[in-house]
Amino acid sequence: MEKRLISGHDYFMMISSPRTDIQTTHIIYRLTPQKIWPYLSLMRLDRPIGTWLLLLPAWWAMSMEIGGIKNIQPLYLYYFCLFAIGAIVMRGAGCVINDLWDRDIDKCVERTKNRPIASGQVSIKQAIIFLCGLMGLGLLVLIQLPKFAIILGLISLVPVFLYPLAKRVTWYPQAVLGLTFNFGALIGAASISHDLSMAAILLYVAGFFWTLGYDTIYAHQDIADDGIIGVKSTALKFGSKSPLFVLSFYLIFMGLIYATGFLTGAKILFFVFWMVACIHILWQIKLWDIANPMDCLLRFRNNRNAGLIIFMTYLCGYISLI
């Protein structure tokens with residue numbers, strides 16, 4: 001028998017926990033009916049950081065291929081909006097897939113035990129139906145892009161479905177996430193140029209190392225629980241050496257971003273914004289308290305700000321000041 005959804009008030013009383021990752025006070029819950037709150041939580045709509053991290057590499061690539069803000073046309077603005085909608089929908093779909101795979105693991109982790117599927121607020125059948133709806137919406141967005149971008153979008157579904165398996169078989173699930181989360185850079189570039197330039201490929205690789213860094217920081221929130229239940233992560237693999245590894249990943253990331261600017265004939269503003277992004281990222285590493293789960297979450301979330309600075313790098317980086 002399907003489990004009946006409890007009232008919204010009782011739902012949030014149940015999930016209230018010092019370490020829950022559900023943002024019970026988020027405005028989205030004040031603007032929507034209580035009966036759909038578990039589904040909004042399942043999509044992580046109250047935690048938009050994942051949507052930003054999925055979307056930004058696509059926006060970087062599109063801005064790079066366009067040649068910055070000076071060349072933006074109405075069609076490109078439409079694509080920017082499509083990618084924003086697609087990021088919300090597909091990030092939500094990815095979260096449903098992840099929570100279906102991890103429903104038994106989530107029950108054993110303090111931060112995730114109250115997620116909708118793990119806590120029984122959304123049944124497996126309901127989650128699968130909801131997933132199909134999200135995938136349908138994602139397809140409607142995808143088919144509005146050029147043919148090559150559509151093909152890349154379909155290919156990207158493979159790592160989306162396989163990612164939750166990674167933590168069971170490898171110490172590097174963050175690497176699999178990097179391959180998955182940065183596909184938007186390839187799809188975004190293909191949407192503009194109908195091809196993949198060397199700069200676009202380098203940008204994808206850069207995003208891979210960015211994800212490897214920020215998701216290692218994120219994984220340190222659950223390092224104790226993961227060690228007990230046998231889930232693998234780079235946080236457990238690197239241990240106390242994680243800051244050094246994350247710094248290395250970020251240095252590679254920043255070096256590849258610089259290389260894309262060089263290859264695409266970027267102007268001085270590109271390198272000014274790039275330097276600001278470098279300072280921001282390095283400062284976050286310096287401040288990171290590896291043993292504090294709340295600080296790990298804060299440093300992870302600050303990657304959105306770094307990503308927005310890099311977006312400005314590509315958006316403004318082709319304006320000639322002379």
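Assorted remarks:
- Yes/no for TRP288 being surrounded by 16 or more Cβ atoms within 10 Å (Cβ to Cβ) and either touching a strand residue (DSSP E or B) at 6+ places or on another chain (Cβ under 7 Å) or over 20 Å from ASN182 (Cβ atoms) (or both): yes
- Meets criteria (under 21 Å from GLN221 (Cα atoms), over 16 Å from the mean Cα position of the chain (by Cα) and in contact (Cβ under 8 Å) with a residue 60 or more places away in the chain) for ILE290: yes
- Residue in region 85-104 that is farthest from the chain's Cα centre (by Cα), counting only those that are in a helix (DSSP H, G or I) and of a type in the set (Asp, Glu): ASP104
- Single match in ILE105, ILE27 (criterion: surrounded by fewer than 18 Cβ atoms within 10 Å (Cβ to Cβ), farther than 30 Å from PRO146 by Cα and among the β-branched types (Val, Ile, Thr)): ILE27
- Residue match in region 225-232 (condition: farther than 17 Å from TYR318 by Cβ and at pLDDT 95 or above): no
- The selection criterion, being at positive phi and modelled with pLDDT of 90 or more, does not hold for GLY94.
- Which listed residue, of ASP295, ASP215, is more than 25 Å from ALA58 (Cα to Cα) and not aromatic (Phe, Trp, Tyr): ASP295
- Evaluation of LEU45 against the conditions (1) farther than 22 Å from GLY136 by Cα; (2) outside any helix (DSSP H, G or I) shows that the sole unmet condition is (1).
- Selected residue [hydrophobic (A, V, I, L, M, F, W, C), closer than 30 Å to PRO38 by Cβ, in contact with a helix residue (DSSP H, G or I) (Cβ under 6 Å, 6 or more places away or on another chain) and surrounded by 19 or more Cβ atoms within 10 Å (Cβ to Cβ)] from ALA206, ALA149, ALA166: ALA166
- Qualifying residue in region 105-118 (condition: within 14 Å of the chain's Cα centre (by Cα) and either over 19 Å from GLN221 (Cβ atoms) or assigned to a loop (DSSP other than H, G, I, E, B) (or both)): no
- Pair list, Cβ < 7 Å and 6+ apart or interchain, from region 263-283 residues that are exposed (fewer than 14 other Cβ atoms within 10 Å of the Cβ) to residues that are among the hydrophobic types (A, V, I, L, M, F, W, C): ILE268/LEU321
- Residue within region 153-161 that is over 30 Å from THR264 (Cβ atoms) and either over 19 Å from the mean Cα position of the chain (by Cα) or in a helix (DSSP H, G or I) (or both) present: yes
- Yes/no for LEU196 being over 17 Å from LEU56 (Cβ atoms) and at pLDDT 95 or above: yes
- Restricting attention to region 219-238, the residues that are within 14 Å of VAL109 (Cα to Cα) and assigned to a helix (DSSP H, G or I) add up to 11.
The values are calculated or read from the model by the stated rules, or taken from the named source; none is laboratory data. What you are looking at is a predicted structure, and each value in this text was computed from that prediction instead of being measured. Here the Cβ is made from the backbone with ideal geometry for all residues, glycine too, and neighbour counts use every protein chain on show.
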